Each structure stands twice: as structure tokens, then as C-alpha cells.
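Notes follow the structure.
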Amino acid sequence: MEQYQLPLVIFTSLSQTAAGMAIFLAWRRWSAESRLQRKGWLIIGVILLISLFAASFHLSYPFHGYYALINIRHAWLSREIVAAGAFAAAIAAAYLTNGQKLATLAAALFGIVLMIVQGLTYAAPAMAAVANGLPMVYYFLTAWVMGAACMPLLDDAPSSPLLRQGIVLFILSLIIVPLIWSSGGVIMQMTARTWGASLFFWGSILCFILAFLLSVRREKSVPATAAVALAAVVLSRLAFFGDTISTVVNIGHPY
């Protein structure tokens, strides 16, 4: 990757935020049957649409993006588009039914499917450090943190303990993974050094710590906590896309 792909940063960060919110809102629907949720599903849908709009700027010809569906049998990128479309349709169904139980469950499941497909899409073989399950781990942690951070805005449900647990796990993963890379091959070691020198990487950790501290204040700082948590996710995603070294480096950048 080695480029700060802003369209992909925005797309993955916001789509996984939407997935996390869908999972938490579906959980609330099944645990509190009488709650009305149309506003919450509308917000989730808007966030997903913004992410899809941002993703279109990653294409050379956005209006010809439908050609990406041609290779769905072999390309994870094509499958990602289908998964995002299915997730959007499920969110629309949950909105139109005012949070009917099966519709919310479908939205949550399609959100999970989207994150799995994204984890496979961005585990590029040329990126030795992340050509594994690591992208999926980060994406599910994003959904956990952002879903918990935004839940009080959607349903007035307290989620601070879950948020703090997710933040701690995210910080630990950001610290431990580069240490593991340091004991790996040349490309992994280069990635570890690049992440360690990245302002995005350290800025992400600092923002996560700030979000953790803000969450202690509970309802008084919910919007600020969600905003800072999103900033942390975006910064970590910039490090992921821009500071992860490719094997192309060792063969003279032929393309």
C-alpha cells in the first residue's frame, strides 16, 4: 500500500463504525423489545452512505465502478462491494420496519460479513506484515470501539465499560503487533520501524487514551468521546495503509 489512501481510510473507518453501531443497536433491540429505533438506523445508514461516497474516489472512473462486479468470482474487492450493498439494504430494511427484530439481526449479520470480507480484501499478499488475519482483528476492534462509543447517542444505553475494554484491546494490539513484526523477516522489520516512527501511529494511541479518559465522565462527554475515538481509528488506519511496507520495496519498485 504505502500510500495514505484517504478514500479507503474514510471508507473502512466509517463502514466499520456503521457495522459496530448496527451490532450494538441490534443487541439493544433484542434485549429491550419496546424501544423505537428508526432514528438510529437512519444515522447508521447516513454514515454508511458517506463511507461509500468516499470509496468512489478511490476509483479512476467512479461512474464505471459497476465494472468491479464482473470479477466477483475471483476478487475480494468485488465481493466487498456486494457485501457493502447487502449491508446497506439490511440497514434500509431495519429503518423501514422501525427496528423489527429480524431486520436488525440481518443488519448486524451483514455488517459482520462486510468486515470479514474487508479483512480478506486488504490482507494483500505483497504486504507481508498484514497478509494474515490482522486486518480483520483491527476491523472488528474498530466496530467494537465505535459501536460502544456511539451507542449512547442512538439509544441512551450506557456502554462505557464496553468502550473502555475495546480501547484497551486496541491499544494493546497496536503496541504488541509491531513488537512481533520486529522478530520477523526483512519486510516485517521495516514495517515495525516505519510504524514506530509514524506520527499517525502514536497519534492514534494518544487519541485512544484520551477517549478512554473522556469515557470516565460518561454522559457529559459522549459526543466528544465518540469524536476522539473516531479520530484514533482514522489515524490508525492511515498508519495501516500508508506505513505498512510492501515487498515491492526490495525489488526496486517496478510499478
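The values are calculated or read from the model by the stated rules, or taken from the named source; none is laboratory data. Here the structure is a predicted model, which is why all the values come from computation and not from measurement. All Cβ positions, glycine included, derive from the backbone under ideal geometry; neighbour counts span all protein chains shown.
For region 55-87, give me each residue that is modelled with pLDDT of 90 or more and crowded, with 19+ Cβ neighbours inside 10 Å. Across region 55-87, the qualifying residues are ALA83, ALA84, PHE87. Taking VAL168 as the residue in question, decide whether it is hydrophobic (A, V, I, L, M, F, W, C), surrounded by fewer than 21 Cβ atoms within 10 Å (Cβ to Cβ) and under 18 Å from LEU238 (Cβ atoms). So VAL168 fails the test.
Evaluating ALA123 against the criteria (1) under 24 Å from TRP144 (Cα atoms); (2) over 19 Å from the mean Cα position of the chain (by Cα); (3) not in a helix (DSSP H, G or I) leaves one unmet condition, (2).
If I filter region 213-228 for residues that are more than 25 Å from LEU48 (Cα to Cα) and either touching a Pro at 6+ places or on another chain (Cβ under 6 Å) or surrounded by 15 or more Cβ atoms within 10 Å (Cβ to Cβ) (or both), do I get at least one hit? Yes, because at least one residue in region 213-228 is more than 25 Å from LEU48 (Cα to Cα) and either touching a Pro at 6+ places or on another chain (Cβ under 6 Å) or surrounded by 15 or more Cβ atoms within 10 Å (Cβ to Cβ) (or both). Among residues of region 183-208 that are without any contact (Cβ under 8 Å) to a residue 40 or more places away in the chain and more than 13 Å from PHE240 (Cβ to Cβ), those with a Cβ under 7 angstrom from a residue that is part of a loop (DSSP other than H, G, I, E, B) and polar (S, T, N, Q), sequence gap 6+ or separate chain, pair up as GLN189/SER182. Which one of these is of a type in the set (Val, Ile, Thr), farther than 17 Å from TRP30 by Cβ, surrounded by 23 or more Cβ atoms within 10 Å (Cβ to Cβ) and in contact (Cβ under 8 Å) with a residue 12 or more places away in the chain: VAL113, VAL145? Step by step, each of VAL113, VAL145 is checked, and only VAL145 is of a type in the set (Val, Ile, Thr), farther than 17 Å from TRP30 by Cβ, surrounded by 23 or more Cβ atoms within 10 Å (Cβ to Cβ) and in contact (Cβ under 8 Å) with a residue 12 or more places away in the chain.
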